[in-house]
Amino acid sequence: MSAPLTLPRLSCRKCGRTNPMVYLAPVVIEAEGTCICQDCAEARQWLDRDGNLRPGIEL
Ligand SMILES: [Zn+2]
């Protein structure tokens, strides 16, 4: 019997959205975790034009 691969449940640390399509800086502890969704990162101007995290930004 093979267990299905379960993805960790991530919720955004800023807006609380669960399992955003694109996220940054996931912190997962035993299948439960938090991240920053891309919308929040963009809203805070943490991303450059290419969608990469700006240097010096720590999430
Ligand atoms: Zn968010």
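Residues in the range 1-17 that are near the ligand (Cβ under 10 Å from one of its atoms) and not in a loop (DSSP other than H, G, I, E, B): S11, C12. Residue pairs whose Cβ atoms lie under 7 Å apart, sitting 6 or more positions apart in sequence or on different chains, and linking a residue in the range 36-50 that is crowded, with 16+ Cβ neighbours inside 10 Å to a partner that is part of a strand (DSSP E or B) and at pLDDT 95 or above, are I36/C12; C37/C12; C40/C12. The residue pairs whose first member lies in the range 6-20 and is free of Cβ contacts under 8 Å to residues at least 60 places away in the same chain and under 17 Å from E42 (Cα atoms), whose second member is aliphatic (A, V, I, L, M) and within 10 Å of the ligand (Cβ to nearest atom), and whose beta carbons are closer than 8 Å, counting only pairs six or more residues apart or on different chains, are C12/I36; R13/I36; K14/I36.
On the stretch given as the range 25-52, residues that are near the ligand (Cβ under 10 Å from one of its atoms) and aliphatic (A, V, I, L, M) total 3.
Going through the range 23-59 one residue at a time, which ones are in a loop (DSSP other than H, G, I, E, B) and of a type in the set (F, W, Y)?
W46 - this is the single residue of the range 23-59 that is in a loop (DSSP other than H, G, I, E, B) and of a type in the set (F, W, Y).
The values are calculated or read from the model by the stated rules, or taken from the named source; none is laboratory data. Quick caveat, the model's predicted, so the values are computed rather than measured. For neighbour counting, all protein chains shown are included, and Cβ atoms are generated from backbone atoms with ideal geometry for every residue, glycine included.
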